[in-house]
Amino acid sequence: MPTLQFKGKNIIWNHHMSVPYHTLEKDDTLGFQEDKANGNLLVEGDNLTALKALLPEFGGRVKCIYIDPPYNTGEEHWVYNDNVSSPVLREWIGKEVGKDDLTKHDKWLCMMTPRLKLLNELLKPDDGVIFISIDDNEQANLKLLCDEIFGEESFVATIPWRKRTAKSDVPFGVSQDIEWILCYAKPNFFAGQKLERKYYYTDDFPGEGWRLSDLTTLKTPEERPNSAFDMVDPKTGKVYPYSEKRVWGVTKETFDEYYQKGKIVFPDDYDFLNITKPAYRVFESEDKAKALKKYGTEEAIRAVSTLLPKEVGMTKDGNKEITELFGSKVFDNAKPYTLIKYLLSFSTKDGDIILDSFAGSGTTGHAVMELNKEDGGNRRFILVQMPENSDKEPDKNICRDITRERLVRAIKKYGYESGFEYWRVGQPLDAQTLLEGQLPPYNPFAKYVYFLATGKHLADEKGIDAKHYFVGTYGNEDIYLIYDDDMATLQTLALNYDKAEAMRSRSGQKKIIAYAPACFLDEEMLSEMKIEFVSIPYSLFERKSGA
């Protein structure tokens, strides 16, 4: 397979491995409706360190990644700031990458490589999928880079997205109206499927499949008074009130007609449906008729095609969404949430985790909440955004004042039953930081140690027992961490006979892996007690003379 060569490749190819893990610290003042967050996270920080920090908990668990990285047009004011030790690359650090920079492609590829490596580790290894928006400036380079990182066999398609209608005043008379979405998927992503974009139920209507769609419309009672009524299930008598922000898509007068035709489905109609309010039934024949009119073939509705429907919107629609939420265009060239919602509609299902590490205005989070509302799903989003200042409004922090604010406003405006937690990338978990006396709390450090020992996420964080130094169980092994975030206490800790006996009593016949600053047991004793000692390699843990 051909490989892409660029300046600095041999230096940064494994740079992601040298990036230290960091703590993730929750900010309760910036979360919103955390009782409804259900795992939704907004993470403030550099996305390289944030991705590494997410790895212990989310490695191999993310179903779908969507990213919209800098396109390297020379007009985006992005700066290469990765902490590399090579003198060759250190000359690049802190300098804006401009249009006339002869190494701009090299810098962009050096920036993207470690991030794509970590994204690949976060993806589910069996059926994960990643979508990457890009334009002509780096599309060819990105394709070759992704072939190396994700595997050429994982390539699905380069999907064209029309971002605008054609302009006439362009160089060479060719308007660049198209951007691209690269798609790579793990081996079982399409297993057992016919690449169907929509799933059809077959109950009740022989030979005619059906799916559900939102029965509400984005109109207020003032705008559609005849649709502002409490809908009653004729079978159960249960009442479903209208919303002040989204009234029903049918009127009080036409309800009976639609219900008799089987077009309205209530939550109690089917045990297998996970819906909490009435929904609209769409028959497969209706979808085929629409596809025939739009694409010239009814089969277009079945295949995941590079032919995107008009409903995904253009850049103007993304800008309109921002303006409607903020009252002005506080963020340039935001993708329309309808585009990302479309991608998620055929690539994710209930309970899946969706990650966007170039979150920008928060479009991906908006799309996840809208899709959940539409189909009753319970997808979770993780958004990562740097706390950089906005070009349009320099006094605004993009993550806090735009990404977060968009999520809050969307939840309020569209009535999403959702919320999110707000995290920040904290201190690095490395020797230098600890030597300086910056000690992380026990639980974050314990989760990191568990990941080091097993390569897996610690699912039962509540099982951590700092008092008895217990971290968790992996197979037939128990993992312990003898540690305290108080420096004076830490300098007195070690794996001694009493602690070993307590561990053995708790763990029974399981093998014990014990992380500790020091060990007072010899190899023979450790072997006899089936304990593997792992030294926390920091000289600050050495006892002071006379201690």
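The figures follow:
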quantity	calculated
Options P2, P70, P20; residue that is outside the structural domain of K341 (by TED's automatic domain parsing) and of a type outside the set (A, V, I, L, M)	P2
Pairs where the first residue, in the stretch 1-21, is under 12 Å from S86 (Cβ atoms) and the second is of a type in the set (A, V, I, L, M) and surrounded by fewer than 15 Cβ atoms within 10 Å (Cβ to Cβ), C-beta under 7 Å, 6+ apart	G8/V88; I11/V88
Qualifying residue in the stretch 414-427 (condition: assigned by TED's automatic domain parsing to the domain that holds M487, of a type in the set (K, R) and either surrounded by 14 or more Cβ atoms within 10 Å (Cβ to Cβ) or outside any loop (DSSP other than H, G, I, E, B) (or both))	no
Condition met for I353 (over 12 Å from the mean Cα position of the chain (by Cα), within 15 Å of I130 (Cα to Cα) and either of a type outside the set (S, T, Y) or not assigned by TED's automatic domain parsing to the domain that holds E76 (or both))	no
Test: residue in the stretch 376-393 that is part of a helix (DSSP H, G or I), at pLDDT 95 or above, under 16 Å from the mean Cα position of the chain (by Cα) and of a type outside the set (G, A, S)	no
In the stretch 464-483, the residues that are outside any strand (DSSP E or B) and crowded, with 17+ Cβ neighbours inside 10 Å	I464, Y469, I482, Y483
Check on V84, assigned by TED's automatic domain parsing to the domain that holds F381, crowded, with 17+ Cβ neighbours inside 10 Å, among the β-branched types (V, I, T) and assigned to a strand (DSSP E or B)	no
Hits in the stretch 122-138 - residues which are closer than 21 Å to A53 by Cβ and touching a helix residue (DSSP H, G or I) at 6+ places or on another chain (Cβ under 6 Å)	L122
Top-ranked residue of the stretch 325-367 - restricted to ones that are free of Cβ contacts under 8 Å to residues at least 40 places away in the same chain and in a helix (DSSP H, G or I), ranked as nearest to L54 (Cα to Cα)	A367
Qualifying position, being out of contact with any Cys (no Cβ under 7 Å at 6 or more places or on another chain) and at pLDDT 90 or above, among S539, S527	S527
From the options L144, L119, residue that is in contact (Cβ under 8 Å) with a residue 40 or more places away in the chain and crowded, with 20+ Cβ neighbours inside 10 Å	L119
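The values are calculated or read from the model by the stated rules, or taken from the named source; none is laboratory data. Remember, it's a predicted structure, so these values are computed and weren't measured experimentally. Note that each Cβ is placed from the backbone with ideal geometry, even for glycine, and that neighbours are counted across all protein chains shown.
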